[in-house]
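What follows is a set of notes on a single structure, which appears directly below.
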Amino acid sequence: FQELVMTNMLSEILDYKKYLSSGDTILQIGANDGITCEDYGLRELILNKEFLVHLVEPVPQQFENLKLNYANSQSQLIFHNIAIWDRTGNCDLVLHGPNNTESSVVNHENKDNAIRINVPVVTFSDFISNNNLNNIDALFLDVEGVEDIIIKDLFLQTMISPKIIRFEYVHLTNLLDVKNMLSENNYHVFFCNFGAGDLICIHQDLLP
């Protein structure tokens, strides 16, 4: 991993707008309410630039808040109240975190009293096909342990190569395998120690 320890380098890598142009497509899976756990400049871009943005959030209340919080966006927004998983159908979603605002199809808390709700789920490749997504310029993931499934589907089941991929890695047990897959598919992979830690992956065509 290349660790981002210099503030100026970190600012450069996180300056998404230099990689993205009006009309580009952004996919955010695990969008929450659009404010909580905001992805370091992504919300500002969505509000003030003209992109095609797909926002995926499975928790019904958070989904409604998401739509309200992006009501004044200049981007073209498409909202999806669904979870991405390793199958298409329905699955129990575990709610946890402060005020049950975090969720996953994987119960990391291992608590008998965890709140579960049944939600529709779809594979990443089915989501891409169902929405006729032939291209994604930026992919942002906050899916509490499903990142590796999505990354694997991205490279093995689609022909899409985003300019930017960013995701939290703390729940991954096969982090090295995921990192190697990204490197093999021509991404520079940077470690960013915000919060629990993110990987920021920039396609090699964008960097010298």
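The values are calculated or read from the model by the stated rules, or taken from the named source; none is laboratory data. Just so it is clear, the model here is predicted, and its values are computed rather than measured. Here the Cβ positions follow ideal geometry from the backbone for every residue, glycine too, while neighbour counts run over all protein chains shown. Surface areas here come from the heavy atoms of the whole protein model, side chains and all, with no ligands, DNA or RNA. Shrake-Rupley method; radii C 1.70, N 1.55, O 1.52, S 1.80 Å.
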Unmet requirement for ARG166, which otherwise passes all of (1) open to solvent by less than 40 Å² (accessible area, probe 1.4 Å); (2) modelled with pLDDT under 95; (3) over 14 Å from the mean Cα position of the chain (by Cα)
(3)
If you go through LEU176, LEU133, LEU182, LEU172, the only one that is over 14 Å from the mean Cα position of the chain (by Cα), of a type in the set (A, V, I, L, M) and exposed (fewer than 13 other Cβ atoms within 10 Å of the Cβ) is LEU176
In this structure, is GLN62 under 24 Å from ILE150 (Cα atoms), over 14 Å from the mean Cα position of the chain (by Cα) and open to solvent by 60 Å² or more (accessible area, probe 1.4 Å)?
no
Anything in segment 65-77 that is within 22 Å of ILE128 (Cβ to Cβ) and either among the acidic types (Asp, Glu) or surrounded by fewer than 14 Cβ atoms within 10 Å (Cβ to Cβ) (or both)? List them, or say none.
GLN76
Looking at segment 97-120, can you tell me whether even one residue there is open to solvent by 50 Å² or more (accessible area, probe 1.4 Å), within 21 Å of ILE46 (Cβ to Cβ) and at pLDDT 95 or above?
no
Quick one: which of ASN180, ASN130, ASN174, ASN135 is without any contact (Cβ under 8 Å) to a residue 40 or more places away in the chain and closer than 28 Å to LYS49 by Cβ?
ASN130
Regarding segment 191-199, can at least one residue be identified that is within 15 Å of the chain's Cα centre (by Cα), within 24 Å of SER129 (Cβ to Cβ), surrounded by 13 or more Cβ atoms within 10 Å (Cβ to Cβ) and not basic (Lys, Arg)?
no
